[in-house]
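Q: Encoded as structure tokens, here's the structure I'll be asking about.
The values are calculated or read from the model by the stated rules, or taken from the named source; none is laboratory data. On a predicted model such as this, the values are computed, not experimentally measured, just so you know. Note that we place each Cβ from the backbone using ideal geometry, even for glycine, and neighbour counts take in every protein chain shown. To get the accessible areas, we keep the full protein, side chains included, count just its heavy atoms, and leave off ligands, DNA and RNA. Shrake-Rupley method; radii C 1.70, N 1.55, O 1.52, S 1.80 Å.
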Amino acid sequence: MEGTSLYLLIVILLMQCSPSVPVTVATNRHKVEVREFSDAVLSCTFHTEKDQNPRIEWKKKGKDVSFVYYDGHFRAPFEGRATIEGATVTLQRVTQDDAGEYRCEISAPLDTVSLGETNVTLKVLVPPHTPSCEIPSAAVTGSVVQLRCRDQQSIPPATYSWFKDDQPISQPRHANATYLINSHTGVLEFRAVAKDDTGLYSCLASNGVGPPKKCEGKHMTIEDVNVSAVVAAVVVVCLVIVCGCGGFLLHRNGFFSPGHRGRSNVNYIPPPQEPQDFKHTQSFML
């Protein structure tokens, strides 16, 4: 009997001395990726030592930490489009403004360790938009020409492929190719265009989130250089330069100044004037 009592006493002492489990917080997904305008589930599970009514808070990190769920209510801009079950939050119709890092905090004042937390990162995926394309309407043979394609809204960033006359342009297979395609920047560059490069060009943006989008095609014409027109233009430019320089030099030497015109009459001799006494004698005789 005494042995049994001693055994029970030891068990009770061990139970009282054994360490208790403080509040713990966890999530089954630290990184959540969802498409734009769909629902995002931010999971948060917890276990407390003693406290049966712990305080649940959700916060969003940024330049400043803002409340998502506090004091039993969702805060703007989540109010009216979010729900909570236990400590797991569901955000409805998420946009890019909702993307970021969230923190689930559980406060249990009655526990030995009264605070626990876990972080969840939300990434909102955006399908491609119609890319903007820069395609020159004309170019001359032998010149360097760049065609540009860009979609700045897709997440993750889109990759690009080019089409000529609705047929895909393949990636160059050798270093001496006459063109280059950068699928990440969307640039199609011709090192030296030829007349065969004339055609209707368009670009396709894709990122694996939604259906690819293509820009409207634009026609590019490659023409030979008009040698006669170039020579005539050079001659005209040279004549303009020569005439301009000649006029400048003449003006600088005073050729167009009034003083210069006066000096040109230096050999002019005015007619002799009659003496005043002679005129007086003639009038007296009359």
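Q: Working only within the stretch 188-220, note down all residues that are of a type in the set (Val, Ile, Thr) and out of contact with any Leu (no Cβ under 7 Å at 6 or more places or on another chain).
A: Within the stretch 188-220, VAL193, THR198 meet the criteria.
Q: Just to be sure I understand, how many residues within the stretch 63-111 are touching a residue at least 24 places away in the same chain (Cβ under 8 Å), charged (D, E, K, R) and not in a loop (DSSP other than H, G, I, E, B)?
A: Residues that pass the stated criteria total 4.
Q: Within the stretch 143-182, how many residues turn out to be more than 15 Å from MET220 (Cβ to Cβ), part of a loop (DSSP other than H, G, I, E, B), in contact (Cβ under 8 Å) with a residue 24 or more places away in the chain and open to solvent by less than 80 Å² (accessible area, probe 1.4 Å)? Walk me through it before giving the result.
A: Taking the stretch 143-182 and keeping what is more than 15 Å from MET220 (Cβ to Cβ), we get 150-161, 168, 170-177, 180-182.
Then keep just the ones that are part of a loop (DSSP other than H, G, I, E, B); that gives 151-154, 156-158, 170-177.
Remaining after also requiring in contact (Cβ under 8 Å) with a residue 24 or more places away in the chain: 151, 153-154, 156-158.
Imposing the further condition that a residue be open to solvent by less than 80 Å² (accessible area, probe 1.4 Å) reduces the set to 151, 154, 156, 158.
So the count comes out to 4.
Q: Looking for something aromatic (Phe, Trp, Tyr), closer than 30 Å to PRO54 by Cβ and modelled with pLDDT of 95 or more - is there at least one such residue anywhere in the stretch 185-198?
A: No, the stretch 185-198 contains no residue that is aromatic (Phe, Trp, Tyr), closer than 30 Å to PRO54 by Cβ and modelled with pLDDT of 95 or more.
Q: Here's another thing I want to ask about it. When the stretch 112-142 is examined, which residues are found to be part of a loop (DSSP other than H, G, I, E, B) and under 30 Å from THR95 (Cα atoms)?
A: PRO127, PRO128, HIS129, THR130, PRO131 - these are the residues of the stretch 112-142 that are part of a loop (DSSP other than H, G, I, E, B) and under 30 Å from THR95 (Cα atoms).
Q: Which count do you get for residues in the stretch 15-27 that are at pLDDT 95 or above and either outside any strand (DSSP E or B) or open to solvent by 100 Å² or more (accessible area, probe 1.4 Å) (or both)?
A: Summing the residues that are at pLDDT 95 or above and either outside any strand (DSSP E or B) or open to solvent by 100 Å² or more (accessible area, probe 1.4 Å) (or both) in the stretch 15-27 gives 1.
Q: Does VAL65 count as touching a strand residue (DSSP E or B) at 6+ places or on another chain (Cβ under 8 Å), under 29 Å from LEU110 (Cβ atoms) and open to solvent by 60 Å² or more (accessible area, probe 1.4 Å)?
A: yes
Q: Do you know which residues across the stretch 204-235 are modelled with pLDDT of 65 or more, over 29 Å from the mean Cα position of the chain (by Cα) and either within 30 Å of PRO127 (Cβ to Cβ) or outside any loop (DSSP other than H, G, I, E, B) (or both)?
A: Here is the first cut: in the stretch 204-235, the residues modelled with pLDDT of 65 or more are 204-225.
Remaining after also requiring over 29 Å from the mean Cα position of the chain (by Cα): 221-225.
Of everything in the stretch 204-235, those that are modelled with pLDDT of 65 or more, over 29 Å from the mean Cα position of the chain (by Cα) and either within 30 Å of PRO127 (Cβ to Cβ) or outside any loop (DSSP other than H, G, I, E, B) (or both) turn out to be THR221, ILE222, GLU223.
Q: So, GLY86, is that one touching a Cys at 6+ places or on another chain (Cβ under 8 Å), loosely packed, with under 13 Cβ neighbours inside 10 Å, small (Gly, Ala, Ser) and more than 30 Å from THR221 (Cα to Cα) or not?
A: Judged against the criteria, GLY86 is a match.
Q: Quick one: would you say THR121 is within 30 Å of THR48 (Cα to Cα) and exposed (fewer than 13 other Cβ atoms within 10 Å of the Cβ)? Outline the logic, then answer.
A: Details: within 30 Å of THR48 (Cα to Cα): yes; exposed (fewer than 13 other Cβ atoms within 10 Å of the Cβ): no.
No.
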